[in-house]
Amino acid sequence: LQEGKARKALEALKKLTSPQTIVIRDGIRREIPAAELVTGDLVDLEAGEQVPADIRLTRSSNLQVEESALTGESVPVEKDALFLADCRHEIPLAERVNMVYMSTVVTHGHGEGIVTATGMATEIGRIARLIREAPMEATPLQKRLGDLGGALSILAVALCAALFGLAVWQKRDVGEMLITAISLAVAAVPEGLPAVVTIVLSMGVTRMSRQGAVIRRLTAVETLG
């Protein structure tokens, strides 16, 4: 239920923050949603705007772009539409000053350029794809709970087996003691532990939501804590 609420909240936030961009089609400037851009569109870039796609600059005037999301560089990068790269060598992303990339922010100046890639074909899309394809690993809490549950289960089974052996040695009713040992083993296995942990994490999500934080997965509460 909590994760469902978080998904709905994130979807609503995406709609609220859906970026608009100025595109020049057939010589006419018009504002459209960034999601409607296609390769080959001529896009106008102004200070304060988010770059809507990967764009090869055709014109720039004192253009600076903040690219920390891609390169980790906290200082805005000066862009130059006239820069020509040496095609004989691979140019690092941070040095492609005639390109601007999706999800970066124009901090100063003005520019125009041709869209070269959109969506998952962009550099930021490639990173998103790699993250999505990365295998999900258990969190430290999940690993500790797994170890604890396994240890308690083994201990419970061992004690119940010892109890059954003791009962047989004392010449008690074997069938009755077998049922008793199995009942004790079932009762001792901590099957309620995942439910309790889920409830506690859900309470953490609720408390975080009161502070204005939207958490998509319950297990993230452990790291945030």
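Starting from residues that are open to solvent by 70 Å² or more (accessible area, probe 1.4 Å) and without any contact (Cβ under 8 Å) to a residue 40 or more places away in the chain, keep the ones in segment 177-197 and report whichever is farthest from Ala167 (Cα to Cα). First the steps, then the outcome.
Initial filter on segment 177-197 (open to solvent by 70 Å² or more (accessible area, probe 1.4 Å)): 178-179, 182, 184, 186-187, 191, 194, 196.
This time we only want the ones that are without any contact (Cβ under 8 Å) to a residue 40 or more places away in the chain, so: 178-179, 182, 184, 186-187, 191, 196.
Values: Leu178: 9, Ile179: 12, Ile182: 13, Leu184: 14, Val186: 18, Ala187: 19, Glu191: 27, Val196: 34 Å.
This residue is Val196.
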Condition check for Val106: aliphatic (A, V, I, L, M), at pLDDT 90 or above, under 30 Å from Gln50 (Cα atoms) and surrounded by 15 or more Cβ atoms within 10 Å (Cβ to Cβ): yes
So is Leu145 of a type in the set (A, V, I, L, M, F, W, C), closer than 18 Å to Val221 by Cβ and either touching a helix residue (DSSP H, G or I) at 6+ places or on another chain (Cβ under 8 Å) or surrounded by 13 or more Cβ atoms within 10 Å (Cβ to Cβ) (or both) or not? yes
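Based on this model, can you work out whether Glu133 counts as under 30 Å from Gly27 (Cα atoms) and among the acidic types (Asp, Glu)?
Values: under 30 Å from Gly27 (Cα atoms): no; among the acidic types (Asp, Glu): yes.
No: the conditions fail for Glu133.
Please go through segment 42-68 and give me each residue that is assigned to a loop (DSSP other than H, G, I, E, B) and not β-branched (Val, Ile, Thr), ordered by number.
Start the filter on segment 42-68 by keeping residues that are assigned to a loop (DSSP other than H, G, I, E, B), which leaves 47-49, 51-53, 67.
Ala47, Gly48, Glu49, Pro52, Ala53, Glu67 - these are the residues of segment 42-68 that are assigned to a loop (DSSP other than H, G, I, E, B) and not β-branched (Val, Ile, Thr).
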Could you say which residue among Glu73, Glu49 is touching a helix residue (DSSP H, G or I) at 6+ places or on another chain (Cβ under 7 Å) and open to solvent by 40 Å² or more (accessible area, probe 1.4 Å)? Glu73
When you look at Leu218, is it touching an Asp or Glu at 6+ places or on another chain (Cβ under 8 Å), closer than 24 Å to Glu3 by Cβ and either in contact (Cβ under 8 Å) with a residue 60 or more places away in the chain or exposed (fewer than 15 other Cβ atoms within 10 Å of the Cβ) (or both), yes or no? yes
Scanning segment 174-225 for residues that are among the charged types (D, E, K, R) and modelled with pLDDT of 80 or more, the one farthest from Leu152 (Cα to Cα) turns out to be Arg210
Among the numbered criteria (1) part of a loop (DSSP other than H, G, I, E, B); (2) open to solvent by less than 50 Å² (accessible area, probe 1.4 Å), which one does Glu137 miss? (2)
Subset of segment 153-176, residues open to solvent by less than 80 Å² (accessible area, probe 1.4 Å), within 27 Å of Pro194 (Cβ to Cβ) and hydrophobic (A, V, I, L, M, F, W, C), comes to Ala156, Ala158, Cys160, Ala161, Leu163
Any idea which of (1) of a type outside the set (S, T, N, Q); (2) over 29 Å from the mean Cα position of the chain (by Cα); (3) open to solvent by less than 50 Å² (accessible area, probe 1.4 Å); (4) at pLDDT 90 or above is the one Ile24 doesn't satisfy? (4)
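The values are calculated or read from the model by the stated rules, or taken from the named source; none is laboratory data. Worth saying up front: this structure is predicted, and the values here are computed from it rather than measured. Because the Cβ atoms are built from the backbone with ideal geometry, glycine has one as well, and the counts that use them run over all protein chains shown. Each accessible area value is taken on the protein alone, full model and side chains, heavy atoms only, with ligands, DNA and RNA left out. Shrake-Rupley method; radii C 1.70, N 1.55, O 1.52, S 1.80 Å.
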